[in-house]
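As structure tokens, the structure follows; a few thoughts come after it.
The values are calculated or read from the model by the stated rules, or taken from the named source; none is laboratory data. In this text, all values refer to a predicted model and were calculated from it rather than measured experimentally. Virtual Cβ from ideal backbone geometry, glycine too; neighbours counted across all protein chains shown.
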Amino acid sequence: MTLKQVFEEHPERRFIMFGGKGGLGKTTFSAATAYWLAKQGKKVLVFSVDPQASLSDIFQKDIFGKGAVKIMDNLWAQEIDADSHIKAYQNEIRKKILDMYGFEKVPDEIEQYIQAASAEPAMEESAIFDAVVDIMVEGNYDYYIYDLVPLGHALYYLSMAKVYDEWINKITKLREEMREYEEMVSRMKRQKETEEDAILTELQYIRGRINASSQILTDKVKTAFFFVVIPEEMILIDTRKAAELFAKFDVPLSGYVVNRVLPKELLQQNVPAYLKNRIIMQDKYLAQIDDILGGQVTARVPELERDVTGLEMIRKLSEIMYGS
Ligand SMILES: Nc1ncnc2c1ncn2[C@@H]1O[C@H](COP(=O)(O)OP(=O)(O)OP(=O)(O)O)[C@@H](O)[C@H]1O
Ligand SMILES: [Mg+2]
């Protein structure tokens, strides 16, 4: 099945992801797919949590941390600024503590705890994850294209059970620590114990949101996940390992896209030996790809004459990927 057929035959797959190792073309394909869908009259949001701001680069527009920015008719792009989400998350915790205990200032010990907790990777993942949930449950767009970070990280996001556990652990731990302060404070202020129900309610709310989004991301009906590969030995080895992991996490795979294929016709021309060698090498791995992945390959994308940046190159690529 071609990429185009996957989209045409499965209009219910509205959450689109391109995964793969670093630098293989995930952002490029996300942008080209978003462009093509928008041209088909679909309302599309392409978004990322990548601090490198690659969508800003490819659309040649500073969109980092600015919410959903309109790129053209039907197409919006958004880059989540994880740091500001972490700060917002911290402030929320501070505010809750202040409200709950009627403090005028967050006590130093609690402030230290908030700082320490936010330095942990799990807190960052949680804040990012929370932002992604916000975007995906909103439901304003026909298509959501999640421009993923490189595979290792993406696996982390996709192993929702793990993220979920860490998040709940974190909050449960916070809750336990708060209870210590609670006792201390009520002793100090002789105030009646604050209801812990507020925190439990919060936990249940978060649990509900995580469940909702992990269902979206691993939903066999609504999600299309494409693997980006290039015809090189190491990439194929890694991809096979990753595919097994994804299968383990129940991520539904819609197909593979092979990128940076050198045109074989060049062999008929008088090209330098090194280029000839690369083409022959690619040919070998392309044959392997066909062997192993066969019908799962949805597109072969040639090596273009320059980087894909700006709408004109994105349009050109989308025509190669989807036909004009
Ligand atoms: N077929 C192609 N022809 C020419 N250049 C390409 C092609 N595909 C991708 N590129 C270029 O390769 C670079 C890396 O692509 P891209 O940023 O899409 O990779 P990525 O998988 O998103 O990387 P990261 O893992 O860092 O997010 C970019 O400069 C892009 O323009
Ligand atoms: Mg990228």
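Worth pointing out:
- Per-region count, region 39-94, residues within 16 Å of ligand 2 (Cβ to nearest atom), touching a helix residue (DSSP H, G or I) at 6+ places or on another chain (Cβ under 7 Å) and among the acidic types (Asp, Glu): 1
- Single match in 304, 286, 311 (criterion: modelled with pLDDT of 90 or more, exposed (fewer than 15 other Cβ atoms within 10 Å of the Cβ) and within 16 Å of ligand 1 (Cβ to nearest atom)): 304
- Taking residues in region 230-259 that are within 26 Å of residue 8 (Cβ to Cβ), and partners anywhere that are among the basic types (Lys, Arg) and loosely packed, with under 15 Cβ neighbours inside 10 Å, the pairs with Cβ atoms closer than 9 Å and at least 6 places apart or on different chains are 250/220; 252/220.
- Being more than 16 Å from the chain's Cα centre (by Cα), modelled with pLDDT of 95 or more, away from ligand 1 (no atom under 16 Å from the Cβ) and not in a helix (DSSP H, G or I) is a property that residue 105 lacks.
- All of 82, 68 fail the test of being surrounded by 15 or more Cβ atoms within 10 Å (Cβ to Cβ), out of contact with any Phe, Trp or Tyr (no Cβ under 6 Å at 6 or more places or on another chain) and under 22 Å from residue 16 (Cα atoms), apart from 82.
- Any hit, region 9-21, residues being closer than 18 Å to residue 131 by Cβ, of a type in the set (A, V, I, L, M) and more than 15 Å from ligand 1 (Cβ to nearest atom): no
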